[in-house]
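The values are calculated or read from the model by the stated rules, or taken from the named source; none is laboratory data. The structure presented is a predicted model; accordingly, all values stated were derived computationally and were not measured. All Cβ positions, even for glycine, are placed from backbone atoms using ideal geometry, and neighbour counts span all protein chains on display. For the accessible areas, the whole protein counts, side chains as well, though only heavy atoms, and no ligand, DNA or RNA atoms are used. Shrake-Rupley method; radii C 1.70, N 1.55, O 1.52, S 1.80 Å.
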Amino acid sequence: MNARRLSCEEVIEELFAYLDREVNEALSAEIDRHLEKCRDCFTRAQFERKLRAKVAETANVSAPERLQRRIKAVLERY
Amino acid sequence: MIAWPMAHHMRFTIHSPGAVRRLHDGGSGVVMPDPHSDKQEINRRQQTRRLFEQEVSRLMDRLYGTALRLTRNSDDAEDIVAETVSRAWTRLDQLRDPQRMEGWLFRILNNTFVSEWRRQQSRRRIEANAEDVDPAESPEAANFSLFQKLHQPFLLWWGTPEDQFLNELLQEDLQKALDTLPDAFRVAIVLVEVQGYTYDEVARLLDVPLGTVRSRLSRGRAMLQKALWEQAIEAGLVAPPPDRTPTEGKSP
Ligand SMILES: [Zn+2]
């Protein structure tokens, strides 16, 4: 295989799509290989990954009592 | 008695699944249901119902949290969750595989949110102008990268700046930053980063082209990171860029 080497700019350009698993398998593998060798891009990828995980955690909220009661009332009506 | 207070803009009726049963009179030619399989059917429904109640209570916090991130408003979020549960309940018979109830509930939640959002948009007569480029938005803002900001040479940190930044970052900071984003951008981020939707699923849910999903995500992330950066400066977590720092000597 003579896959062209990706530059750091190209990796950064595709980084979010890569983290979203929205790049094709070949490109994903290329980026994997780049990240194994390039400390700068790896550090950047780790940062974006962690930030993304923190964004996901923002939905961890306790439902208010009022809503719990409201839902219970809905379910108990049948 | 109003057992379930509804916001004025969200009215709908609730039907119990199976409330409408196929009833046959005992006339000739009508095959009577096999009492054995009928009993199995009832058991199956009872199991699905029980599972539904369990799943709703297990997922309540996440359903609410997701709705809150989408709407930014606790009253609206509660309405969305209540309507989701009610809609799901009325359509329980349509759920083929009860093991897939979680994804199904979140799909109903998202659809409920999107239809309510569209209604509000059309009421405010806001056309889909989300893609209009804000004239104040510089290319720098569109490509804003928190990581690059954290790696500016004037910032002297012990250890690695990005790890320190992430360690100091509270959930509240992120919620606040997310809430500053215009709807279209925030919604795209919540669908992809919070709910793990694919770009294609977002495009179909919002009925927009795939390219629009990509651009909303990309600009939304830049906006989010910029908001986080500005909050961090405000909180004194990082020093403001040199050009904004008052230089030596005090102004008279
Ligand atoms: Zn690189």
**Asked** Which members of the range A:48-60 meet the condition of being open to solvent by less than 30 Å² (accessible area, probe 1.4 Å) and more than 16 Å from the ligand (Cβ to nearest atom)?
**Response** A:L51, A:V55, A:T58, A:A59
**Message:** For the range B:87-98, check the following and say yes or no: at least one residue is of a type in the set (G, A, S) and either closer than 22 Å to B:A177 by Cβ or touching a residue at least 12 places away in the same chain (Cβ under 8 Å) (or both).
**Reply:** yes
**Request:** Among the residues of the range B:65-80, write down those that are more than 9 Å from chain A (Cβ to nearest Cβ) and touching a residue at least 60 places away in the same chain (Cβ under 8 Å).
**Result:** B:L70, B:R72, B:D75, B:D76, B:D79
**Asked** Looking at the range A:36-43, is at least one residue free of Cβ contacts under 8 Å to residues at least 60 places away in the same chain and at positive phi?
**Response** no
**Request:** Kindly indicate whether any position in the range B:227-236 is within 11 Å of chain A (Cβ to nearest Cβ) and surrounded by 17 or more Cβ atoms within 10 Å (Cβ to Cβ).
**Result:** yes
**Item:** Of residues in the range B:90-103 being out of contact with any Lys or Arg (no Cβ under 9 Å at 6 or more places or on another chain) and hydrophobic (A, V, I, L, M, F, W, C), the one surrounded by the most Cβ atoms within 10 Å (Cβ to Cβ)
**Value:** B:M101
**Prompt:** Which condition breaks for A:I71 when tested against (1) open to solvent by less than 60 Å² (accessible area, probe 1.4 Å); (2) in contact (Cβ under 8 Å) with a residue 24 or more places away in the chain; (3) within 13 Å of chain B (Cβ to nearest Cβ)?
**Reply:** (2)
**Message:** For the range A:1-47, which positions are at the interface with chain B (Cβ under 7 Å from one of its Cβ atoms) and away from the ligand (no atom under 11 Å from the Cβ)?
**Reply:** A:F16, A:D20, A:E22, A:F47
**Request:** Please go through the range A:36-55 and pick out each residue that is more than 30 Å from B:T66 (Cβ to Cβ), in contact with a helix residue (DSSP H, G or I) (Cβ under 9 Å, 6 or more places away or on another chain) and part of a helix (DSSP H, G or I).
**Result:** A:E36, A:D40, A:C41, A:F42, A:T43
**Prompt:** Of the residues that make up the range B:159-181, is at least one assigned to a helix (DSSP H, G or I), open to solvent by 10 Å² or more (accessible area, probe 1.4 Å), within 25 Å of A:V23 (Cα to Cα) and basic (K, R)?
**Reply:** no
**Item:** Single residue of A:A29, A:A17 found to be open to solvent by 30 Å² or more (accessible area, probe 1.4 Å) and modelled with pLDDT of 95 or more
**Value:** A:A29
**Message:** I'm told A:S7 meets every condition in (1) open to solvent by 60 Å² or more (accessible area, probe 1.4 Å); (2) over 20 Å from the mean Cα position of the chain (by Cα) except one. Can you identify the failing condition by its number?
**Reply:** (1)
